[in-house]
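One structure below.
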C-alpha cells in the first residue's frame, strides 16, 4: 500500500461497515482516518525527532453514542476478520497482519487468530453497559 492508500473502507449497501489501516505505511504528519461523526476517532502520527505537539487538554463535552465501535490493532502475528452485515450475512473476510488495524463501525464480526502468540490491542467506546445490553450472538455457522 502506498502512503496515500494505506487504508481501505469496507462498504456494503452504501454503508461503511469497517476501515482497515496498514500501520506499516503511514503518511507524513497527522492523518485522521475517521469522519467527525464516528464514535471512535482514529488518527496516525508520523514525525521526525524534535517534533512537539502543542500542549493541550480536552474539554468536558457531552457525547452520545448508541452503538459500540471498536478498533483491533495487531501488534504481533495475524488474524482473520470476518465481517457481517446488519442482516447477519458475511460481507467481507480480511487478513490482518502485524502493524495493521481494523475499525468496526456497524454489523457483526468474528476474529480467528492465525498464528501462535498473536498479540492484539482492542479499543472501543464506553462506558460498557454489560454483555446483556452490548452483545448479540450471530448464529451463522
Failed item, numbered, when residue 39 is tested on (1) assigned to a loop (DSSP other than H, G, I, E, B); (2) surrounded by fewer than 16 Cβ atoms within 10 Å (Cβ to Cβ): (2)
From 85, 44, residue being over 23 Å from residue 133 (Cα atoms), crowded, with 16+ Cβ neighbours inside 10 Å and either in contact (Cβ under 8 Å) with a residue 24 or more places away in the chain or touching a strand residue (DSSP E or B) at 6+ places or on another chain (Cβ under 9 Å) (or both): 44
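Please find, within the range 121-141, the residue that is modelled with the lowest pLDDT out of those that are surrounded by 13 or more Cβ atoms within 10 Å (Cβ to Cβ) and within 21 Å of residue 73 (Cβ to Cβ).
Taking the range 121-141 and keeping what is surrounded by 13 or more Cβ atoms within 10 Å (Cβ to Cβ), we get 123-125, 138.
Subsequent filtering for residues that are within 21 Å of residue 73 (Cβ to Cβ) retains 123-125.
Numbers: 123: 95, 124: 93, 125: 89.
Filtering the range 121-141 for residues that are surrounded by 13 or more Cβ atoms within 10 Å (Cβ to Cβ) and within 21 Å of residue 73 (Cβ to Cβ), the one modelled with the lowest pLDDT comes out as 125.
Do we find a residue being farther than 23 Å from residue 90 by Cβ and surrounded by 10 or more Cβ atoms within 10 Å (Cβ to Cβ) anywhere in the range 7-22? Steps first, answer last, please.
Going residue by residue through the range 7-22, those that are farther than 23 Å from residue 90 by Cβ are none.
No - not one qualifying residue is present in the range 7-22.
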Some residue of the range 27-40 being over 30 Å from residue 133 (Cα atoms) and touching a helix residue (DSSP H, G or I) at 6+ places or on another chain (Cβ under 8 Å): yes
Exclusive hit being under 14 Å from the mean Cα position of the chain (by Cα), surrounded by 12 or more Cβ atoms within 10 Å (Cβ to Cβ) and in contact (Cβ under 8 Å) with a residue 60 or more places away in the chain, set 95, 104: 104
Members of the range 62-80 found to be touching a residue at least 60 places away in the same chain (Cβ under 8 Å) and surrounded by 15 or more Cβ atoms within 10 Å (Cβ to Cβ), listed by number: 68
Residue 118 being closer than 19 Å to residue 20 by Cα, modelled with pLDDT of 90 or more, surrounded by 11 or more Cβ atoms within 10 Å (Cβ to Cβ) and touching a helix residue (DSSP H, G or I) at 6+ places or on another chain (Cβ under 7 Å): no
Qualifying residue in the range 44-53 (condition: modelled with pLDDT under 95, under 24 Å from residue 6 (Cβ atoms) and part of a loop (DSSP other than H, G, I, E, B)): yes
Selection status of residue 72, under 24 Å from residue 129 (Cβ atoms) and part of a strand (DSSP E or B): yes
Top-ranked residue in the range 23-36 [being free of Cβ contacts under 8 Å to residues at least 12 places away in the same chain and assigned to a loop (DSSP other than H, G, I, E, B); ranked as surrounded by the most Cβ atoms within 10 Å (Cβ to Cβ)]: 35
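The values are calculated or read from the model by the stated rules, or taken from the named source; none is laboratory data. The structure displayed is predicted, hence computed values, not measured ones. Ideal geometry is used to build each Cβ from the backbone, glycine not excepted, and the neighbour counts take in all protein chains shown.
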